[in-house]
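Contents: one structure, followed by commentary.
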Amino acid sequence: MALTKVSKSLISTDTVFSVDALGGVYGNSSSPVSIAVTVASKTAGHPYNGDGSSSAYFLDGVEAPAILLNGADDVTSDSGYYYRFDQANSSNSGHPLRFYLDAAKNTAYTTGVTTSGTPGNAGAYTQIDVDADTPKVIYYQCSSHAYMGNYAAIPASKNFYNLAVGGVTITSTGAELNILDGVTSTTAELNILDGVTSTTAELNILDGVTSTAAELNILDGVTATATEINRLDGVASVIKTAGLETIYVPAAAMYPNTTDGSSDLEQVELSNGPELKCLDFAAAADDFAQFTVIFPKSWNEGTVTFQAFWTVTGTNTGTVAWGLSGISFADNASINTAFGTQVVATAKAFSGTSNDMTVSAVSGAVTIANAAVDTQTYFQVSRDVSADSQSGDARLLGIKLFFTTDAANDA
């Protein structure tokens, strides 16, 4: 008989049975170690006295002992140790002994567990096959009543259930191995430290190798995206990435063309709030103004789009159409060169309320003549009156430029 009494987390040589301190008697499937189970009233010596049922299991006459059950590594065809909890005694009637992963019986443990007969009758028992895959700690309890039994520790177990690290419970299984020994986790060895099972695309790298987009590390329960790569190797994460960016050019940074130009820059005081810095574009004919931009070196030298911000001091609801063209000049290039092809954005109707902010739709692609890095780019903005219907002056407040980068910085 291979059970051992455990007192205050220490293995005592005061064993329940006449065996060594580890309870190492081996019982196979045909000749299991037999433990006699009886039921009687709890005493003050029961670990759950005052909780649950007033009755207790007694194992070989000892009240609800914490016990050790041996097992072995899976090195033979049958490496388990078999223990039979004999419930033939009539006191067991109505008290089926079963195994659980917690004392409160939230999760039943049934692997390697077999039952026979009705407790309290001859031949009734619950038997368990214990090996290295049996959880480190299991609980024997009555399936019908609470807290009659205690726990069983499995010294040879490799299965830690409800292991907690820093107050966080980890539920790794054999297929979710946590590698903390300097070896890169594989797809079959995934561990999420927040209790969430990693997927193949969510590899956790803890070996000093920079995570890639396909090796995303999730430590907060939120799925990382390809642009949210977590680095754990001491290399600073890249915050800025290449892609679409914007530049806003206010009317105050523009100037009217000498020929067919808009009005000069005006500062308009309203009855409330901001004063406007604006260029007025008349309805009678196309007016033009210009501004310059120096794009960052990371610019991909491709097309740009634009969006106009404007208003009307008046109540006419007619539309306004804005156009833009551009040209870049490198060192030693002749500035006396025509702009590229103008692109006109879709005309936008005014609200009819004087001085309402109006934002036009983003335009189509504007091709900049001679586009290149390390250049100064000149833009010409116009009001295309042939494409709009606004009877009043359109007051341009600014232009928002959209451009694309192909590098994270200008290094």
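What follows draws every value from the coordinates through simple rules; no lab data is involved. Everything quoted here is computed from the prediction, not taken from an experiment. Counting neighbours? That spans all protein chains shown, and the Cβs are built from the backbone with ideal geometry, glycine included.
In this structure, Ala132 and Ala411 have a Cβ-Cβ separation that, at R0 = 45 Å, corresponds to a calculated FRET efficiency of about 0.25. Cross-link pairs exceeding 19 Å between alpha carbons, from the set Lys348/Lys400; Lys240/Lys297; Lys277/Lys297; Lys42/Lys136: Lys277/Lys297; Lys42/Lys136. The order of Met357, Met254, going from fewest to most other C-beta atoms within 10 Å of their C-beta, is Met357, Met254.
Could you please report the charge total around Pro32, scoring K, R as +1 and D, E as -1 over all other residues with beta-carbon less than 11 angstrom from its beta-carbon?
Numbers: positive: Arg84; negative: Asp86, Asp129.
Surrounding charge for Pro32 is -1.
Placing dummy labels 7 Å off each Cα toward the beta-carbon, the span from Thr258 to Ser90 is 12.2 nm. Rounded to the nearest angstrom and listed largest first, the equivalent-ellipsoid semi-axes of the range 361-404 from its Cα gyration tensor are 26, 11, 11. With viscosity 1.306 mPa s and temperature 10 °C, the Kirkwood radius over alpha carbon pairs of the range 22-153 converts through Stokes-Einstein to a diffusion coefficient of 107 µm²/s.
Distance from the Cα centroid of the range 91-136 to that of the range 355-377 is 76 Å (rounded to whole angstrom). Multiplying each eigenvalue of the alpha-carbon gyration tensor of the range 244-404 by 5 and taking the square root yields semi-axes of 27, 15, 15 Å, largest first, rounded to whole angstroms. As a proxy for reagent exposure, Glu275, Glu301, Glu269 were ordered by neighbouring Cβ count within 10 angstrom, fewest first; the result is Glu269, Glu275, Glu301.
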